[in-house]
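The values are calculated or read from the model by the stated rules, or taken from the named source; none is laboratory data. Computed from a prediction, not measured in an experiment: that's the story for all the values here. No Cβ is skipped: glycine too gets one built from the backbone with ideal geometry, and neighbour counts run over all protein chains shown.
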Amino acid sequence: MPHFHALVGTEAIDAPPVVRRISFADLKDALARGIDDFLAMPTHAVFLCLIYPLIGIGLGALIFGAGLMSVMFPLVAGFALLGPFAAIGLYDLSRQRERGLAVDPSRAFEIVHLPSFGAIVLLGLLLVAIFILWLAVAQSIYIANFGYAPMWSVSEFMRAIFTTAEGWRVIVLGNAIGFLFALLVLTISVVSFPLLLDRDVGAVEAVLTSYRAVRANPAVMAVWGLIVAAGLLLGSLPFLVGLAVVMPVLGHATWHLYRKVVEPDPRARHDVPQPQTPTDRRRYAAQFPASLLGGDRT
């Protein structure tokens, strides 16, 4: 039954992943390795993440055009909730480089052939649901204080938020609830997606392992969460363009953080992608823009 397999996998039934305690030095090393991965393959990383800021810019244009500036900050802040899923291709690039393979961005989404692909999709849908719930809650807080009337200019919106008692209630309550959403996502996803790339453990065990990682390393994971939040905030300026650099660095670093937190399993997959022939070539999502700019790859 594929749905049951996506939930529980096969490996974790006999041997659940073992979580280590790590130090701030490990966190620093994971970041350094993430930067090293980015410098080793910046074209790949920026290219794969370019769609992320482009979508943000498009959504921003829609917000200004429809007078929905009340969701502008929740939308930008909410990108952090989708980050662990959005960076799945980056984890795989770091995995390829770690194993000494020739890094090929066109293979970054061959994860569709992994036994754990169903669990990856399931966990991704969970993060999307949390993101939508966050937007609904944030909008409800705004409406409870300002009503349904749209604000069409940035100056009007900023004046209402920063110079009125209602605005400060929105800021305080919105940030407090947003922190809880961010804490939830950090707890369930800090190592879950890299774990699913590496082992067929199922979505349930991936989430439980991520929870155990946070519980075993609360201070280190809190600092990691702050680093991610600060990085995404800086990357959002201006117009989310900086995310094309911040996202790859954080994505690669997350893979190395996973390696430090979760003990390796000798049964972990070591699937080396086979060369493709012209008659047996498949296309993947990551190939779409590359095929337009650089032609097909074998």
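Taking residues in segment 117-143 that are within 19 Å of ALA182 (Cβ to Cβ) and of a type in the set (Ser, Thr, Tyr), and partners anywhere that are assigned to a helix (DSSP H, G or I) and at pLDDT below 95, the pairs with Cβ atoms closer than 9 Å and at least 6 places apart or on different chains are TYR142/SER70; TYR142/VAL71; TYR142/PRO74; TYR142/VAL170; TYR142/GLY174. Scanning segment 176-205 for residues that are among the hydroxyl-bearing types (Ser, Thr, Tyr) and over 12 Å from the mean Cα position of the chain (by Cα) turns up just one, THR187.
To keep it simple, each residue is scored yes or no on (1) surrounded by fewer than 20 Cβ atoms within 10 Å (Cβ to Cβ); (2) within 14 Å of the chain's Cα centre (by Cα); (3) assigned to a helix (DSSP H, G or I).
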residue: ALA119; (1), (2), (3): no, no, yes
residue: LEU123; (1), (2), (3): no, yes, yes
residue: ILE130; (1), (2), (3): yes, yes, yes
residue: ALA138; (1), (2), (3): no, no, yes
residue: TYR142; (1), (2), (3): no, no, yes
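Taken over segment 214-234, the criterion of being over 21 Å from ARG21 (Cα atoms) and in contact (Cβ under 8 Å) with a residue 24 or more places away in the chain is satisfied by ALA229, LEU232. Among the conditions (1) in contact with a Lys or Arg (Cβ under 9 Å, 6 or more places away or on another chain); (2) closer than 30 Å to GLY89 by Cα; (3) of a type outside the set (A, V, I, L, M, F, W, C), ASN145 misses just one, which is (2).
Looking across segment 144-168, the residues that are loosely packed, with under 13 Cβ neighbours inside 10 Å and at pLDDT 90 or above come down to ALA144, PHE162, THR163, ALA165. One residue stands out in segment 169-220 among those that are of a type outside the set (Gly, Ala, Ser) and out of contact with any helix residue (DSSP H, G or I) (no Cβ under 8 Å at 6 or more places or on another chain): the one that is surrounded by the fewest Cβ atoms within 10 Å (Cβ to Cβ), namely PRO218.
Screening segment 145-210 for helices (runs of 4 or more DSSP H) wholly inside it with 2 or more residues that are farther than 30 Å from LEU27 by Cβ returns the ranges 154-162, 165-189. For the structure I just gave you, tell me whether ALA285 is among the small types (Gly, Ala, Ser), surrounded by 11 or more Cβ atoms within 10 Å (Cβ to Cβ) and either within 19 Å of the chain's Cα centre (by Cα) or at pLDDT 50 or above (or both). The answer is yes for ALA285.
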